[in-house]
Amino acid sequence: MEIPVIDFNELNGEKRSKTMALLHQACEKWGFFQIENHGIDKKLMEKVKHLINTHYEENLKESFYDSEIAKSLEKGNTSDIDWESSFFIWHHPTSNINKIGNLSEDLCKTMDEYIAQLIKMAEKLSELMCENLGLEKGYIMEAFSGSKGPSVGTKVAKYPQCPDPGLVRGLREHTDAGGIILLLQDDLVPGLEFFKDGEWVEIPPSKNNTIFVNTGDQVEVLSNGRYRSTLHRVMADKSGSRLSIATFYNPAGDAIISPASKLLYPNHFRFQDYLNLYATTKFTDKGPRMESMKNMGNGHHGVKA
C-alpha cells in the first residue's frame, strides 16, 4: 500500500483543494500519513536524532541489555514485555526535561527548539483537520486546551538490536490514547507497522526527515468516529536499532472531550415529529431540518423522548 503523503507546499497554490482532499481521505480511511515540506528545520531534526542516539549509546544501551527485559527474552518469557528502551519528556504545560538524568545541556536546548517548531506544525495540522470536518479553525485546539492549554510530550525510544525478534515485539499492538502524534523516526531501520484493511502495513524508515503522523483516540471521539485511531505495533529487528521520537499533541488532563456537536446527527426524536417537519421542508435543504431535529431531540421545543 502506498502511504498518503501530504505536501505542505501545495497548501498555498492551485493544488490546495486536491491536497486538502488527500488529507481528509488519509485521516478518514487510513488514520496515518506522512508530511513533507513541513517547514521544520532539517538540520535541527538531524541534530536531535544524533544527540539522542549518542545519549542512548553512552547512557542506556548497556543497562538495557542487562535489564529484566533482556533476561526475559533469554528465558522465553516475553508475553507481556516490549523490546524498547524509552523515556518521556513533558514540554507543556510544564517541562521536566531538566529533571531527566544524564541529558546533556545541548540535547535539552536542541529538543526545546525542535518542539517549539513541532507545536506550530501540530496546530496548523489541527486547523486543517477542522477545515476538512467543517468545524471552526481553532476547534481542536480549544477542545484540547482545558485550563492550561493542550498537553505536549515526547516519547523518546530506541528499539535495540534484538537477537531473537521472532519471540518479542518492539512494542505490542495498541492505539494511541491522545490526539495528534508526530513521529520523527529512523532513516535506516524499519519496524513500525499499522493495521489497515485486515493486514499489517509496513511503514518504511523516514527519508529526508519527513514527519509521520497518526491520529489518536481523542480525535476519533471529537470527530464522532470520522477520523479513527489505528492499531499499530513495532517489530523487533535483528540487524539494527530503530530510533523513534514520537511527540504527542494531546488534550489537557482536565479537558472535557466529546464529539463536536456539528458532527452529530440528531437523536432521541420521535419519527412523527420528523415527518411533521419534513412535510413543510421537503423541498428545501436538509441541513436546517437536521439542526432543528437536533434541538428537538435535546429537549427543546417541548419534544419528549
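The values are calculated or read from the model by the stated rules, or taken from the named source; none is laboratory data. Just so it is clear, the structure is predicted and the values come from calculations on it, not from any experiment. So basically every Cβ, Gly included, is an ideal-geometry build from the backbone, and we count neighbours across all protein chains shown. Side chains included, ligands, DNA and RNA excluded: accessible areas come from the protein's heavy atoms. Shrake-Rupley method; radii C 1.70, N 1.55, O 1.52, S 1.80 Å.
Quick look at the numbers
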read-out: Identity of the residue in the stretch 11-57, part of a helix (DSSP H, G or I), among the charged types (D, E, K, R) and without any contact (Cβ under 8 Å) to a residue 24 or more places away in the chain, that ends up nearest to Thr110 (Cα to Cα); value: Lys43
read-out: Residue in the stretch 260-281 that is among the aromatic types (Phe, Trp, Tyr), open to solvent by 30 Å² or more (accessible area, probe 1.4 Å) and closer than 30 Å to Phe64 by Cα present; value: no
read-out: Pairs where the first residue, in the stretch 229-245, is closer than 19 Å to Pro163 by Cα and open to solvent by 10 Å² or more (accessible area, probe 1.4 Å) and the second is among the hydroxyl-bearing types (Ser, Thr, Tyr) and part of a strand (DSSP E or B), C-beta under 8 Å, 6+ apart; value: Ala236/Tyr159; Asp237/Tyr159; Ser241/Tyr159
read-out: Asp176 being open to solvent by less than 60 Å² (accessible area, probe 1.4 Å), touching a Gly at 6+ places or on another chain (Cβ under 6 Å) and closer than 30 Å to Asn77 by Cα; value: yes
read-out: Hits in the stretch 218-247 (condition: within 16 Å of Glu28 (Cβ to Cβ), among the hydroxyl-bearing types (Ser, Thr, Tyr) and touching a strand residue (DSSP E or B) at 6+ places or on another chain (Cβ under 7 Å)); value: Tyr227, Ser229, Thr230
read-out: Filter result for Lys71 (closer than 28 Å to His174 by Cα, free of Cβ contacts under 8 Å to residues at least 40 places away in the same chain, among the basic types (Lys, Arg) and not in a loop (DSSP other than H, G, I, E, B)); value: yes
read-out: Qualifying positions in the stretch 5-24 - closer than 15 Å to Leu125 by Cβ and among the aliphatic types (A, V, I, L, M); value: Val5, Ile6, Leu11, Met20, Leu22, Leu23
read-out: Enumeration of residues in the stretch 207-242 that are basic (Lys, Arg), under 14 Å from the mean Cα position of the chain (by Cα) and in a loop (DSSP other than H, G, I, E, B); value: Arg228
read-out: Positions within the stretch 27-43 being crowded, with 17+ Cβ neighbours inside 10 Å, in contact with a Ser or Thr (Cβ under 7 Å, 6 or more places away or on another chain) and not aromatic (Phe, Trp, Tyr), in sequence order; value: Cys27, Gly31, Gln34, Ile35
read-out: Among residues of the stretch 124-140, those that are surrounded by 16 or more Cβ atoms within 10 Å (Cβ to Cβ) and more than 17 Å from Asn214 (Cα to Cα), counted; value: 2
read-out: Count - residues of the stretch 97-123 that are in contact with a helix residue (DSSP H, G or I) (Cβ under 8 Å, 6 or more places away or on another chain), open to solvent by 70 Å² or more (accessible area, probe 1.4 Å) and of a type in the set (D, E, K, R); value: 2
read-out: Checking Thr110 against (1) among the β-branched types (Val, Ile, Thr); (2) in contact (Cβ under 8 Å) with a residue 40 or more places away in the chain; (3) closer than 25 Å to Gln218 by Cα, the condition it does not meet; value: (3)
read-out: The stretch 46-85: number of residues that are closer than 25 Å to Asn209 by Cα and either buried (at least 16 other Cβ atoms within 10 Å of the Cβ) or of a type in the set (A, V, I, L, M, F, W, C) (or both); value: 12
